[in-house]
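Inspection log for the structure reproduced underneath, given as structure tokens.
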Amino acid sequence: MKRLIKTTLTFLSVYYAYMVEYRAELILWVLAGSLPIILMGVWMQAAQGGQFGLTPVDFARYFLAVFLVRQFTVVWVIWEVEREVVEGKLSNRLLQPIDPVWHHVAAHVSERAARIPFAILLVGLFFILYPQAFWIPSLGTLLLFSFVVILAFILRFVIQHTFSIFSFWTERASAIENFWFLFFLFLSGMIAPLEVFPEPVRTVVLLTPFPYLINFPASILVGIPVNLTQGLLSMIGWIVLFLGLNRWLWRQGLKRYSGMGA
């Protein structure tokens, strides 16, 4: 156990030091996730003349929550794995006594810690510019939100890493992610909260993993009613499903790996 803790702390400290070397790039990454803030203005204006069941303040808080969820759940592992496989750089990782995926997990977790200060600054600026939307969630809500965000990150990471394994069969596994992102953009709640969708559409969307990546945790934070039990079970179910598929594809992919380009 001590060895495991030491190895984990070493991984995190190394990747954190690597991430903070590129502070300017981190700021750009944080700003790149500000699309929800832009969409917030559109929906706030629409809420003044439409019947959406949400007030302009509700939309402001929702899209701020979406911004926060995006900061903690953004994943880029597919491009890293694709590069390692195509260029043969995975060979060195396979020689180490640890699954290569843990390098990527450590990099993502460390990057979260490095970007938090910039995200907090943007949230503070938001409340200064729009103080009507200021609210303080209860401690219970914050703890539940934190837990669900962790599950959302795990689900997003496992899904994208599963797609990345197709690099063993194709040089452009990232094309799968680009196609997936089209559905993610519209069905996750990033463009619009699920509450504005027609009921039949919402029912179908809830059967997919998309709403649990953004809409579900964001709704919890701002107090929009959700089916908590169904949501948590769905997230865990999708994680288990993709994790099983991930491990099977990984074993099959390693059989095809030749280390070309190393």
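Quick note: the coordinates plus some simple rules give every number you see, no bench work behind them. Keep in mind it's a predicted model, so treat the numbers as computed, not measured. Backbone-built Cβ (ideal geometry, glycine too); neighbour counts: all protein chains shown.
Some notes on this structure:
- Per-residue Karplus couplings for segment 237-242, computed as 6.51 cos²θ - 1.76 cosθ + 1.60 with θ equal to phi - 60°, are listed in order as x, 5, 4, 4, 4, 6 Hz, Gly and Pro entered as x.
- Modelled this way, with points 7 Å down the Cα-to-C-beta line, the labels at Arg172 and Ile150 are 3.9 nm from one another.
- Taking 0.36 nm per residue of separation and subtracting the current Cα-Cα distance, fully stretching the chain between Leu207 and Leu254 would add 13.7 nm.
- Cleavage-rule hits (GluC sites (Glu not before Pro)) in segment 50-124: DSSP loop, at most 14 neighbouring Cβ within 10 angstrom: Glu87
- 3J(HN,Hα) from dihedral phi, segment 219-233, Karplus parametrisation 6.51/-1.76/1.60, rounded to Hz, x for glycine, proline: 5, 4, 5, 8, x, 6, x, 9, 8, 4, 4, 4, x, 5, 5
- Tensor-based shape of segment 138-262 (alpha-carbon gyration tensor, a/c under 1.5 rounded, otherwise prolate or oblate): prolate
- q = 0.25 Å⁻¹: log10 I(q)/I(0) that the Debye formula gives for segment 212-262, counting C-alpha atoms only: -0.92
- Efficiency of FRET from Cβ geometry, Glu199 and Leu95, R₀ 41 Å, rounded to 0.05: 0.15
- The distance linking segment 172-186 with segment 133-153 is 27 Å (Cα centroid to Cα centroid, whole angstrom).
- Counted charge near Gln71, where neighbours are those whose Cβ lies closer than 14 Å (Asp, Glu -1; Lys, Arg +1): +3
- Theoretical FRET efficiency, 1/(1+(r/R0)^6), r = Cβ-Cβ of Ile136 and Gln230, R0 25 Å, to 0.05: 0.35
- Rg/Rh for segment 148-215 (Cα atoms only, Rh after Kirkwood) is 1.04.
- The local environment of Arg172, defined by Cβ-Cβ distances under 12 Å, has a net charge of -2 under the rule Lys, Arg +1 and Asp, Glu -1.
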